Amino acid sequence: QVQLVESGGGLVQAGDSLRLSCAASGLTFSSAAMGWFRQVPGKEREFVATIMSSADYTYYADSVKGRFTISRDNAKNTVYLQMNSLKPEDTAVYYCAVFLGGSIWRAETYNYWGQGTQVTVSS
């Protein structure tokens with residue numbers, strides 16, 4: 001079955017950087033578009049970034065554009081999220097998922113969510 005495992009979260013200070021990884025198995029990773037979402041308690045899951053299977057196209061939420069970079073290594077079946085200039089409002093659990101098609105901004109168009117990795121940014 002499809003399995004996604006996120007890693008790389010942690011506690012950092014504002015302005016620091018982190019790189020999240022999402023290791024995928026059980027699917028033809030090179031054919032899959034992958035996305036990152038984040039969620040804080042009491043709020044809906046929020047779109048962060050998506051990368052198409054060939055990595056030709058990437059999409060970002062306005063709140064992270066210019067600070068975060070999504071990338072992928074198809075040889076390693078892994079998608080990354082490089083997060084720079086982190087802010088306290090970036091604090092959330094970050095999830096990766098497989099994009100099924102349709103609107104890239106909506107969590108409903110993704111499947112096979114990982115367990116998430118906590119990112120905490122202190123001021």
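How much space per residue, in cubic angstrom, does the convex hull of the C-alpha atoms of the stretch 1-62 take up?
Taking the convex hull of the Cα positions in the stretch 1-62, it is 126 Å³ per residue.
Carbon and sulfur: what percent of the stretch 32-123's accessible surface (1.4 Å probe)?
Details: 2130 of 4510 Å².
Carbon plus sulfur share of accessible area: 47 percent.
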Can you tell me which of Arg106, Arg38, Arg72 moves the most in a GNM of the chain? Springs connect C-alpha atoms under 10 Å apart.
Arg106
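I need to check one value: relative contact order of the stretch 7-123, counting alpha carbon pairs closer than 8 Å and at least 6 residues apart, in percent.
Working: 259 pairs, mean separation 40.6, N = 117.
Computed value for the stretch 7-123: 35 percent relative contact order.
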Please check: in the Gaussian network model of the chain (C-alpha springs, under 10 Å), which one of Ala75, Ala97, Ala32 has the largest mean-square fluctuation.
Ala75
Which is the longest run of the chain containing none of the chymotrypsin sites (Phe, Trp or Tyr not before Pro) found in DSSP loop states (not H, G, I, E, B) with at most 14 other C-beta atoms within 10 Å?
1-56
Which net charge results for the neighbourhood of Ser21, defined as the other residues with beta-carbon distances under 11 angstrom from its beta-carbon, given Lys and Arg at +1 and Asp and Glu at -1?
+1
Using only alpha carbons, build the gyration tensor for the stretch 72-121 and give me the equivalent ellipsoid semi-axes, biggest first, whole Å.
21, 16, 11
So what are the ³J(HN,Hα) numbers for the stretch 57-71, from phi and the Karplus equation (6.51, -1.76, 1.60; θ = phi - 60°), rounded to whole Hz, Gly and Pro as x?
10, 10, 9, 9, 5, 4, 5, 10, 4, x, 10, 9, 9, 9, 8
Write down Rg/Rh for the chain, rounded to two decimals, with Rg from the C-alpha atoms and Rh from the Kirkwood relation over Cα pairs.
0.94
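Counting heavy atoms of the protein chains only and a 1.4 Å probe, report the per residue accessible area for the stretch 65-123 as a whole number of Å². Before the final figure, lay out each step's value.
Working: 2860 Å² over 59 residues.
Accessible area per residue: 49 Å².
The values are calculated or read from the model by the stated rules, or taken from the named source; none is laboratory data. Since this is a predicted model, take the numbers as computed values, not measurements. FYI the Cβ positions are ideal-geometry reconstructions off the backbone, even for glycines, and counts take in every protein chain you see. These area figures cover heavy atoms from the full protein model, side chains too; ligands, DNA and RNA do not enter into them. Shrake-Rupley method; radii C 1.70, N 1.55, O 1.52, S 1.80 Å.
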